[in-house]
Every structure is written in C-alpha cells, then in structure tokens.
Amino acid sequence: MISIKGLSKVFRTKDQDVHAVSDLEATIDSGEIFGVIGYSGAGKSTFIRLLNRLEDPSGGTINIDDREISSLSKGDLRLARQDMGMIFQHFNLLWSRTVEDNIAFPLEIAGVPKEERKHRVDELVELVGLGGRGASYPSQLSGGQKQRVGIARALANRPKVLLCDEATSALDPETTDSILDLLVDINAKLGLTIVLITHEMHVIRKICHRVAVMEDGKIVEEGDVLDVFLRPKQKVTKRFVDQVMGDPDRESSLSLIKEEYPLGEVAQFHFVGERTHQALISEVSRKFQVDVNVLHGKITQTQKGAYGTLIVHLEGEKEEIERALTYVRETSVEVEVAFDV
Amino acid sequence: MFEQLFPNVQIDDMITATNETLFMTFFSVLGTFIFGLLLGLLLYLTGPGGIWQNKVANWITAAFVNVFRAIPFIILILLLFPFTDFLVGTIRGPSAALPALIIGGAPFYARLVEIALKEVDKGVIEAAKAMGAKYRTIIFKVLLPESTPALISGLTVTAIALISYTAVAGVIGAGGLGDFAYFYGFQRNSFDVVFVCTVLIVIIVFIFQFIGDFASRKLDKR
C-alpha cells in the first residue's frame, strides 16, 4: 500500500543542516494501523508530513497505492491529497464554519455537488457520533468532539489512507481512549490504512498492529506491536515500553517474593497475545490440585490479545505443579520458573 | 430656541454638507476596502512563508504602501491634482476628493489586512492544503472568512480615519462638513456653524463605529 524508500528531508538553516529524516525505509500494508513512536525531535512529525508532501522530500521515494507521491506535479498532488485524509493535534478546524460546513469543506474542494455533499455530511456526522451537533460552531465543542469533526472531515472524500499527526496528544486520557476506539472502528468498518505518529506508547498499545520506533530521523526498530513490547531491542524502545508496563521496583519485589514463599513454586507467566486462555489462572486451579496465588503483575490488552507478565505462586504436590506448568506451556503463555533475581 | 442658539446655521446647507461628507465617506471606504484588501493580500501572500512567497513582489508592494502612508494627506491631495483632473475631469467637489482619499486610505488598510491575515491559524491553512485545496480556495474559503472580524474592525478604524480625511479635503474645495465648517464657520466668524459641523461629524463617526463593532462581533464565532 505504502512503500517508502531512502526517504530523507534536510532543513537548511543558516548555521547547519538538520537531517530531520534520513534514509528511511518502510512498508505499510493495506488496512493496517501503523504507528510511529518517537520523542520530540525524532523526525516523526516531518515523516508524516512527507507522506502527503506538506513537506517536500530532499531525497527518496514515497509510493502510495501505486502512485509515486514524491514525483507528482502540483495538480496531480492535489488530487492525490484528496485520497488521503489527515487529522491534527490541534484539530485545525475553521472556526468560521459550523461542524457540517467544516466536514463539507473537503467535498467542496473535490467539487462534489451540493445535494450529494449534504447527504455525505449527514452520514459522516452520524459515523463519528456527533448526531445533533451539526449546526454548532467548533468553539462550542469539547476537544474530543472537535477531533471527531476532524476525523469526519478527513474521511469525507473516502480516502484510502488516514494520516494522524499526534491526533490525541492534546486530549485527556479518557477522551484519547474514545477517539482511539473510533479510529479502530473506522479501520475495521472502512478497511482504511491508518498511519499515526505519537509519543504515547499507550496509543500504540491500544490500536496499532505494527509499530516503528524513530530516533534521529531513522526507524531504529520495527515490528508487530506485541513482538516489540515483548522483546524491545533498542534502549529507546525499552523506555517506551516502560511507559505502559512501567515497573521500576520489579527487581526488588522479586527478591522479596522469593523470600516470602520458600515452599511450592514461584513462576512468571508471560502473556504474549493470548486470546483463548484469558482465564488461565482459574483454569489451572480448577484442572489441577494446585492453589494459584497471584503475587504481582500487570496485564494489558492490545489489538492482538493480552500482553503482560504475572508472577504467581503455585502450591501443591510437586508433580501436580509440574503438570500444571506443562499445561500452561501448551498455550501461548510463556513460563519462566527458575528466573534470576 | 435653535435659531437663537445657532443664528447662522442654515438647515438646508447643513443637510447638503452632510450628504457630501457621507458620499465621500461611503465611496472612499468602498474603494479603500477593495484596493486595501488587494494590497494587503499581496503583502501577506508574497511575504515570508506566504503561498506566493516572492521577495521582489513583496518589496515593491511594501514600498508602495510605505511611501503613500508616509505622505501627509493634505500634501497627497495637492500631489494628486493632475491625476485627479485626468481621472475625474475636475479638482473640485466630492467626487474629486475620492482618488486622494482612496490612495491615502488603501495603504493604511492594507497593513491592517496584512495583520488580520497573519492572525489566521497556520494549521488551518495546512489542513486545507492537505485536503488538496487550490490557492484560490485557500484565499477565498480559508484566509478571508477566517479573518473577517479583524478585516471588519480594521475597516472601521480606516473609515473613521477617512471621515477625518474628508474634512481635510473639504478645506481645499471638496465640499462636505469640513469645507462648510471652514468657509462658512471659521472664515465668517460663525462659531455656531463650526460647532454644529463638529457634532454632525462626531455622530457620523459614532454610527460607523457602532456598525463596525456590531458586524465584527456578530461574525466572530471563536
């Protein structure tokens, strides 16, 4: 769907050249939600703006849906942009227009006749859950509602790609979640490819299928969200993973647990996208003669199932404990018994 | 009562003078709006970061605006006499004042237009670009609507300056309340006439201010 090769962007200032994006390679599949995470200054904002050429690349190629974006003429670029929706951190709505007229704006640009425009706007207002607010002005809406207008506007011309530039960074956590739910919903309903950039791992965890970590203008790590969560290779990735799985006292709590429970077995269960055995703990204690005591842990939900680690204490006959652990190993949950403290 | 207080004031003459002032004000505001808006747009669009960024065009526009703003209005009228004569066919009367009023007012308004346009959120312009908007669409559907309240309050300020310019133009033969106050009031020592002219001008200014404020407030949906 989107393939990016050798993409670079250099900003020339008086004192120095700033390589905002350098030699970036990426492939984004049709219908997936692709997240790019990085700290500010990593180049992610420049990256997403290169995709619809709000910034002109200094080098490399961008191919979206068999169209070579990087070499389009001005007129063709305008048409290509109508096939790409974009939403922004600060919504960027026209305050002089009502919700309906804001959503109608891209349709006006695309030359859609008035009747059809009205029909499409009504549809979109419903889709993003703003029924009844069509005649309001943006200043009368909350942040979350404004972003809904932004999303409706971005979807107006039935784009194939939706670019999200820090779309939830100006929203509170609860509103962020509702906007993310809407994006997942749209992705599923319309089969839209979504590229989003963010500095919040929470956003990646909640909705992305694949993630790329950016640092110094390059993608330093890329993969399925779960893989990256489970086996972060780069330091910067680990820091992001800690944002959501953050557990600074883990080391000390582990040694405490070992001292507290000399009998039985202490094990770590790593959930990596488990879907079928979500109720694993109660399953184990029902099926085997063991008591399972959850000591510590955190489980979080991602697009591909549960992810996280539980530290449990198993009490019972030694063989029975072994059988229980064997059973657990047969699921996708990874078991670690003699873990180092 | 009125005749005792203002023995020299002839109502008919006053009405004629007021009409002349209103005529000059109305058409000079209209002309200033059109030319000032064009100049202001040109200043903004060719300026740094504008969609038609162009150093030369920007420099020329800015130079034109600055030069005509620097010339004191009374000198500007004298300077434009040949031009006015060519354009209007006379250098006397309210119509003859219009070229000087517009050329004096438009550069002033152009700067206010430029400021108003600079206040438009860059993000909104970017959003329009991301939707594939043409420059024309960005100008007419984003820049101008989004800056309307500021354009109107700027026009109000300009209109009030123009009313005062009409009085100056009056003194050198354009007619209107300024003319009347000077020739029939000041020079004949009839200060009651000067006083009534002043009151009428102040009323006109207040009306323009009121209309401007009202329109600007009504259109501001922020």
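The values are calculated or read from the model by the stated rules, or taken from the named source; none is laboratory data. Values in this document were obtained by computation on a predicted structure and should not be read as measured data. Positions of Cβ are backbone-derived with ideal geometry, glycine not excepted, and every protein chain shown enters the neighbour counts.
Which numbered condition trips up A:ILE311, out of (1) β-branched (Val, Ile, Thr); (2) over 29 Å from A:VAL244 (Cβ atoms); (3) under 33 Å from the mean Cα position of the chain (by Cα)?
Just one mismatch for A:ILE311, condition (2).
Please note which helices (runs of 4 or more DSSP H) are completely contained in the stretch B:108-214 and include at least 1 residues that are farther than 30 Å from A:ASP76 by Cα and more than 19 Å from the chain's Cα centre (by Cα).
B:176-180
Of all residues in the stretch B:1-15 being touching a residue at least 40 places away in the same chain (Cβ under 8 Å) and assigned to a helix (DSSP H, G or I), which is nearest to B:ALA110 (Cα to Cα)? Quick ask: steps written out before the conclusion?
First pass over the stretch B:1-15, keeping only residues touching a residue at least 40 places away in the same chain (Cβ under 8 Å): B:5-9, B:13-14.
Then keep just the ones that are assigned to a helix (DSSP H, G or I); that gives B:5, B:13-14.
Values: B:LEU5: 44, B:ASP13: 36, B:MET14: 33 Å.
Checked the stretch B:1-15; the qualifying residue nearest to B:ALA110 (Cα to Cα) is B:MET14.
Pick out, from the stretch A:89-183, the helices (runs of 4 or more DSSP H) lying fully within it that include 3 or more residues that are touching a residue at least 12 places away in the same chain (Cβ under 8 Å) and closer than 17 Å to B:LYS221 by Cα.
A:99-109, A:143-155
So, in the stretch A:297-324, exactly how many residues are surrounded by fewer than 18 Cβ atoms within 10 Å (Cβ to Cβ) and within 19 Å of A:HIS270 (Cα to Cα)?
Residues flagged as surrounded by fewer than 18 Cβ atoms within 10 Å (Cβ to Cβ) and within 19 Å of A:HIS270 (Cα to Cα) within the stretch A:297-324 amount to 9.
List pairs: first residue in the stretch A:77-88 and within 7 Å of chain B (Cβ to nearest Cβ), second residue acidic (Asp, Glu) anywhere in the structure, Cβ distance under 7 angstrom, at least six positions apart or on different chains.
Between residues of the stretch A:77-88 that are within 7 Å of chain B (Cβ to nearest Cβ) and residues that are acidic (Asp, Glu), the close pairs are A:MET86/A:ASP165; A:PHE88/A:ASP165.
Working carefully through the options B:GLY50, B:GLY31, B:GLY105, find the one that is crowded, with 22+ Cβ neighbours inside 10 Å, small (Gly, Ala, Ser) and either out of contact with any strand residue (DSSP E or B) (no Cβ under 6 Å at 6 or more places or on another chain) or not in a loop (DSSP other than H, G, I, E, B) (or both). If you could, list the steps in order and put the result at the bottom.
Numbers: B:GLY50 fails: crowded, with 22+ Cβ neighbours inside 10 Å; B:GLY31 fails: crowded, with 22+ Cβ neighbours inside 10 Å.
Exactly one of B:GLY50, B:GLY31, B:GLY105 is crowded, with 22+ Cβ neighbours inside 10 Å, small (Gly, Ala, Ser) and either out of contact with any strand residue (DSSP E or B) (no Cβ under 6 Å at 6 or more places or on another chain) or not in a loop (DSSP other than H, G, I, E, B) (or both), namely B:GLY105.
Looking at B:LEU151, B:LEU144, B:LEU200, which one is more than 14 Å from chain A (Cβ to nearest Cβ) and buried (at least 16 other Cβ atoms within 10 Å of the Cβ)? Give the derivation first.
On the way: B:LEU151 fails: more than 14 Å from chain A (Cβ to nearest Cβ); B:LEU144 fails: more than 14 Å from chain A (Cβ to nearest Cβ).
Just one listed residue meets the conditions, B:LEU200.
Please verify whether the stretch A:325-335 includes one or more residues that are more than 30 Å from A:ASP181 (Cβ to Cβ), touching a Gly at 6+ places or on another chain (Cβ under 6 Å) and of a type in the set (A, V, I, L, M).
no
Before we move on, is B:THR137 of a type in the set (S, T, N, Q) and in contact (Cβ under 8 Å) with a residue 12 or more places away in the chain? Reasoning before the result, please.
Values: of a type in the set (S, T, N, Q): yes; in contact (Cβ under 8 Å) with a residue 12 or more places away in the chain: no.
Considered against the rule, which asks whether it is of a type in the set (S, T, N, Q) and in contact (Cβ under 8 Å) with a residue 12 or more places away in the chain, B:THR137 comes out as no.
Can you find even one residue in the stretch A:216-226 that is buried (at least 23 other Cβ atoms within 10 Å of the Cβ), within 20 Å of A:GLU32 (Cα to Cα) and within 13 Å of the chain's Cα centre (by Cα)?
Yes, the stretch A:216-226 contains a residue that is buried (at least 23 other Cβ atoms within 10 Å of the Cβ), within 20 Å of A:GLU32 (Cα to Cα) and within 13 Å of the chain's Cα centre (by Cα).
Please state which one of A:SER136, A:SER169, A:SER142 is closer than 17 Å to A:ILE37 by Cα and either surrounded by fewer than 17 Cβ atoms within 10 Å (Cβ to Cβ) or outside the structural domain of A:ARG78 (by TED's automatic domain parsing) (or both).
A:SER169
Please specify each residue of the stretch A:26-45 satisfying the condition of being within 14 Å of A:ILE4 (Cβ to Cβ), assigned to a strand (DSSP E or B) and not β-branched (Val, Ile, Thr).
Result: A:ALA26, A:PHE34.
When the stretch B:171-184 is examined, which residues are found to be surrounded by 19 or more Cβ atoms within 10 Å (Cβ to Cβ) and touching a residue at least 60 places away in the same chain (Cβ under 8 Å)?
B:ALA174, B:GLY175, B:GLY176, B:LEU177, B:GLY178, B:ASP179, B:PHE180, B:TYR184
Filter the stretch A:19-57 down to residues that are farther than 18 Å from A:ILE197 by Cβ and more than 17 Å from the chain's Cα centre (by Cα) and give me whichever is farthest from the other protein chains (Cβ to nearest Cβ).
Top of the filtered list is A:ASP23.
With B:GLY89, B:GLY93 as the choices, which residue is surrounded by fewer than 20 Cβ atoms within 10 Å (Cβ to Cβ), over 28 Å from B:LYS141 (Cα atoms) and in contact (Cβ under 8 Å) with a residue 40 or more places away in the chain?
B:GLY93
Can you tell me which residues in the stretch B:53-95 are among the basic types (Lys, Arg) and either out of contact with any Phe, Trp or Tyr (no Cβ under 9 Å at 6 or more places or on another chain) or not in a helix (DSSP H, G or I) (or both)?
B:LYS55, B:ARG92
Applying the selection to the stretch A:89-109, what residues are facing another protein chain (nearest Cβ under 7 Å) and either among the small types (Gly, Ala, Ser) or at positive phi (or both)?
A:ASN92, A:SER96
Do you know which residues across the stretch B:23-47 are within 12 Å of B:LEU98 (Cα to Cα) and not aromatic (Phe, Trp, Tyr)? Walk me through it before giving the result.
Within the stretch B:23-47, the first condition is being within 12 Å of B:LEU98 (Cα to Cα), and the residues that meet it are B:23-32.
Those that are within 12 Å of B:LEU98 (Cα to Cα) and not aromatic (Phe, Trp, Tyr): B:MET24, B:THR25, B:SER28, B:VAL29, B:LEU30, B:GLY31, B:THR32.
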